Amino acid sequence: MDIRYINTTVICAVFMCVLLSCGVKRRDADKNVAPADVQLVNPALPGDNPDPSIIRIGKVYYATSTTNEWAPYFTIYKSVDLKNWVLVNHVFPEGFKDMKDQWGENNFWASELAYDAKQHRIYAYYTAHNRKVKGNPGLQCGVAWIDANKIETGKFTDNGPVIIEDDCGAIDAFEFQDKGKIYAFWKNDGNGCGKESWIWVQEINESRTKLLGEKRKVYTNSQPWETSLVEGACFFRMGEYIYSLYAVGGCCDAKCNYKTGIARTKDLAGGKWEKYDKNPVMVSNERWNCPGHGTVVESADHRFFMLYHAFNKNYDVFVGREGILEELKTGPDGWPVLHNATIPNRPKAELDFYDDFKKDNKLNLAWQWPSKLPKPDVNFNKGLHLVSTNQNHELGTFLGQYIKTVNFSISTKVTLTEAQSGLCFAGAIFKSKWPGELGGIGITAAEDGITVYNNLEGKYLVLKQVKEQSHGLIELKMQISGGGKLIDFFYKKPQLEWVKFHTATFDAPKYAPWGMGYRAGIVAKGSGQKAFFNSFELKNN
């Protein structure tokens, strides 16, 4: 993904984050603890969940997030208490095959959920790059929909791209309903082509297939603290005003400077937008870096919460931007403010993952694959059978998932076959053309021996190998420590102890994908043979 694109998306995220809980600099010592009546657990969405969006239908909350260069596209999470979230679906579970005319190629950003009570439908606005259009104009905003009662198990119907900017492209779409009209907001990606970036608005029809009337400018970067762009704008009504949170700055890497601001108006149809004179309302603090781009939701008891993203400073950028939730309240001057007391308090045990493939009959929703590739060929029969390939620069077929800390272990139990079956810690090929150009380091085992490999420089290299004929089961393990910078490789044969096979130092910053966190998972290298996995575990230390 182009840096310029990510910066815009992130900026939006920051600005959302600002108001709701991303965590601004502390002003008062007594803000170190959240109010007693707000018992939230953060990160609400652990792991790489940028640009989150949240809605409420009755007593149930649904959230979504950017998936960048990974499929399935656009998560769907569910919660009934704002503390415990479960991944229940994706907008496009099969990746590009679920999109109208398979129009999207990459840059799967900024999904936003909107509920239409009259239709009892949920709409998902999203950004993708049209495979038929080169450069910035290929960034377009699509809309998909689903009956609300099918959100957890059904499939969205894609309307395809609806918001198109022929000049610099369109990203970060957001819907707001007011006085019987439906408005679509978006950002023109001017910073990506040397022009001004604005938040725009235009009416959209009830089926969300066509914009109506003329588009209008809402606001741009006009205050001294704002950088070269605005993005990630969300809108909500509180009292007599409609408020907008927005992000500015660079969003997505170790040099990010994302910040969040707020503006308001009394008249959405044509009123003037007033920016807060105390902006920015949210910036980096001692716990979170570059907060922003989120959405505000009103609870059934009329409290307001913001879900936004930020980097955990203890993890650098290796985990990615996580979903943070905080309550928003009105300050003495009438503007919505945050407690600015968000702490990373989710127990690490809740971040662990175990998959017993012998009990599965379908792929767990946590598993992902590179966005430009079709879904890997898998089936289940007393374990996971994964068809091997030499794709991904000879890495093989990869299924991965978010890492949620930077010190953890992954392990798998495989039944040996001709295919090289094993584990992979995955990032981006060095100097790759796009962040989804997958590379990795890992350990595999086959009937003819054990191999430790690395293809993160674009060429498959064997770091250590032992050739020996074996059959039956073998366990493999990778221990990542030192904040992601040291990796130990182990194997274990039945009834024997673990054997440390190899140790490698790892340059974690070098291969961190732009705008994304690392992934950890399983790999099958070969030419069509099936790899046979019995289980997988990710355990955080």
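The values are calculated or read from the model by the stated rules, or taken from the named source; none is laboratory data. Values in this document were obtained by computation on a predicted structure and should not be read as measured data. Please note: Cβ atoms are built from the backbone with ideal geometry, for glycine as well, and neighbour counts cover all protein chains shown. Side chains are part of the model used for accessible areas, which takes the heavy atoms of the whole protein and leaves out ligands, DNA and RNA. Shrake-Rupley method; radii C 1.70, N 1.55, O 1.52, S 1.80 Å.
A 1.4 Å probe run over the chain, with the rest of the protein chains in place, finds 38 Å² accessible per residue. Measuring max minus min along each principal axis, the C-alpha atoms of region 133-221 give extents of 44, 33, 21 Å (largest first). Between the amide H of Leu456 and those of Gly440, distances stay under 5 Å, these residues lying 5 or more places away or on another chain, with hydrogens modeled in the peptide plane.
In the calculated pair-distance distribution of region 151-291, the portion above 26 angstrom amounts to 29 percent of the Cα-Cα pairs.
When a 1.4 Å probe is rolled over the protein heavy atoms, the share of accessible surface on the chain that falls to carbon and sulfur comes to 49 percent. Dipole magnitude for region 448-541: computed about the Cα centre from +1 point charges on Lys and Arg Cβ and -1 point charges on Asp and Glu Cβ, it is near 100 debye. Computed over protein heavy atoms with a 1.4 angstrom probe, the accessible surface ordering of Lys97, Lys181, largest first, is Lys97, Lys181. Look at the dipole of the chain built from charges on Cβ: of Phe489, Val88, Val406, the Cα furthest out on the positive end belongs to Phe489. Short-range pairs are left out: with C-alpha atoms under 8 Å and at least six residues apart, the relative contact order of the chain is 18 percent. Packing here is the average count of other Cβ atoms within 10 Å per residue, and on that basis the peptides 386-392, 514-520, 347-353, highest first, run 514-520, 386-392, 347-353. For the pair Lys195 and Lys431, label points projected 7 Å from Cα toward Cβ lie 3.3 nm apart. Between Val80 and Gln102, residue separation times 0.36 nm minus the direct Cα-Cα distance comes to 4.5 nm.
For Leu395, the amide hydrogen comes within under 5 Å of no other amide hydrogen, counting only partners 5 or more places away or on other chains and with H modelled in the peptide plane. Computed from the Cα positions only, the extents of region 260-366 along the three principal axes stand at 60, 32, 25 Å, in decreasing order. Considering only Thr153, Ile171, Gln140, and ranking their Cα positions along the charge dipole of region 126-176 that arises from unit charges at the beta-carbon of Lys, Arg, Asp and Glu, the one farthest toward the positive end is Thr153. Across region 383-398, computed HN-Hα scalar couplings (Karplus, 6.51 cos²θ - 1.76 cosθ + 1.60, θ = phi - 60°) run x, 9, 9, 10, 6, 7, 9, 10, 6, 6, 6, 6, 5, x, 6, 10 Hz from first to last residue, x flagging Gly and Pro. Across region 301-408, the mean sequence separation of Cα contacts (distance under 8 Å, 6 or more residues apart), normalised by length, yields a relative contact order of 20 percent.
Listed by chain and number, the aspartates and glutamates whose C-alpha is less than 12 Å from the C-alpha of Lys382, apart from same-chain residues fewer than 8 away, are Asp356, Asp360.
Note on Thr227 and Glu286: the model spin-label points, each 7 Å out from Cα along the C-beta direction, lie 2.5 nm apart.
Relative to the first principal axis of the alpha-carbon coordinates of the chain, what is the inclination of helix 3-20, with its axis defined by its Cα atoms, in degrees from 0 to 90 and to the nearest 10? The two axes meet at around 60 degrees.
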